1. Could you pull out the residue among Thr161, Thr182, Thr128 that is free of Cβ contacts under 8 Å to residues at least 60 places away in the same chain, open to solvent by 20 Å² or more (accessible area, probe 1.4 Å), under 28 Å from Gly47 (Cβ atoms) and in contact with a strand residue (DSSP E or B) (Cβ under 9 Å, 6 or more places away or on another chain)?
2. How do the pairs read when you match residues in region 72-101 that are over 25 Å from Leu125 (Cα atoms) with residues anywhere that are part of a strand (DSSP E or B) and open to solvent by 30 Å² or more (accessible area, probe 1.4 Å), using Cβ under 8 Å and keeping only pairs 6 or more apart or on different chains?
3. If you check Asp134 against the conditions, is it without any contact (Cβ under 8 Å) to a residue 24 or more places away in the chain and in a helix (DSSP H, G or I)?
4. Scan region 92-138 for residues that are β-branched (Val, Ile, Thr) and modelled with pLDDT of 95 or more and jot them down.
5. Report the residue count in region 58-110 for those that are under 16 Å from the mean Cα position of the chain (by Cα), open to solvent by 50 Å² or more (accessible area, probe 1.4 Å) and polar (S, T, N, Q).
6. Can you pull out the residues in region 16-32 that are outside any loop (DSSP other than H, G, I, E, B) and buried (at least 18 other Cβ atoms within 10 Å of the Cβ)?
7. When region 33-57 is examined, which residues are found to be assigned to a helix (DSSP H, G or I) and either hydrophobic (A, V, I, L, M, F, W, C) or more than 17 Å from the chain's Cα centre (by Cα) (or both)?
8. Tell me which residues, restricted to region 61-91, are touching a strand residue (DSSP E or B) at 6+ places or on another chain (Cβ under 7 Å) and assigned to a helix (DSSP H, G or I).
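The values are calculated or read from the model by the stated rules, or taken from the named source; none is laboratory data. No experiment lies behind these values; they were computed from the predicted model shown. In this analysis, Cβ positions are derived from the backbone assuming ideal geometry, glycine residues included, and neighbour counts consider all displayed protein chains. For the accessible areas, the whole protein counts, side chains as well, though only heavy atoms, and no ligand, DNA or RNA atoms are used. Shrake-Rupley method; radii C 1.70, N 1.55, O 1.52, S 1.80 Å.
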Amino acid sequence: MHDRAGTPVRLVYETHATTTDNEAGIATGRLPGVLSPTGRRQAGELGDRRRDDGIGAVFTSDLHRAVDTARIAFAGTAVPMFQDRRLRECDYGHLNGRPQATLAPLRARHIDKPFPGGQSHREVLAATEDFLGDLVTRWGGSRVLLIAHSANRWALDCLLTGADLADLVAAPARWQPGWEYTVPPPGGRSRPEP
């Protein structure tokens, strides 16, 4: 096998499918989460979009809602799937499993300061950056799919497009059928200033 560490990774990001918590207005955070019937259908649709999209591997958070999304989407295929704890949603600590209406106004306060009993959004960014370093070393030149959570997409936007974390955390949630990024080889990007 030739060394592909010097070539970029073409990364496709997809959010995990809808959970019962999403439908109930609950901020799942580090809890596992269970896909709803709508979410199971969405996972199938994700597979329809991505199975023949040149995906060389699928990487997911190790939280159930992301893993189940990938398993449904790529059932019956030979595409390798890998779970990585660095791709977990932000740990809201004592607020995991609480209503979104309670959590949403507090997010901006926890960009650098951890949620009580949890972590900060900046810590999610650092974990995502560590994951990307390994990804580009091992999967350079490949097109890969990442299925994770909103905090990871914010981290990708910061690390790969230069977006401001505070702006992303404050913005209303949005969904689209995938985001495309290029992950440069080591030395090809610098970590944004806090």
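1. Thr161
2. Partner pairs satisfying both residue conditions: Phe74/Met81.
3. yes
4. Ile111, Val124, Thr128
5. Qualifying residue count for the region: 1.
6. Across region 16-32, the qualifying residues are Thr19, Asp21, Asn22, Ile26, Ala27.
7. Pro37, Thr38, Arg40, Arg41, Ala43, Gly44, Glu45, Leu46, Asp48, Arg49
8. Answer for region 61-91, where residues must be touching a strand residue (DSSP E or B) at 6+ places or on another chain (Cβ under 7 Å) and assigned to a helix (DSSP H, G or I): Arg65, Ala66, Val67, Asp68, Thr69, Ala70, Leu87.
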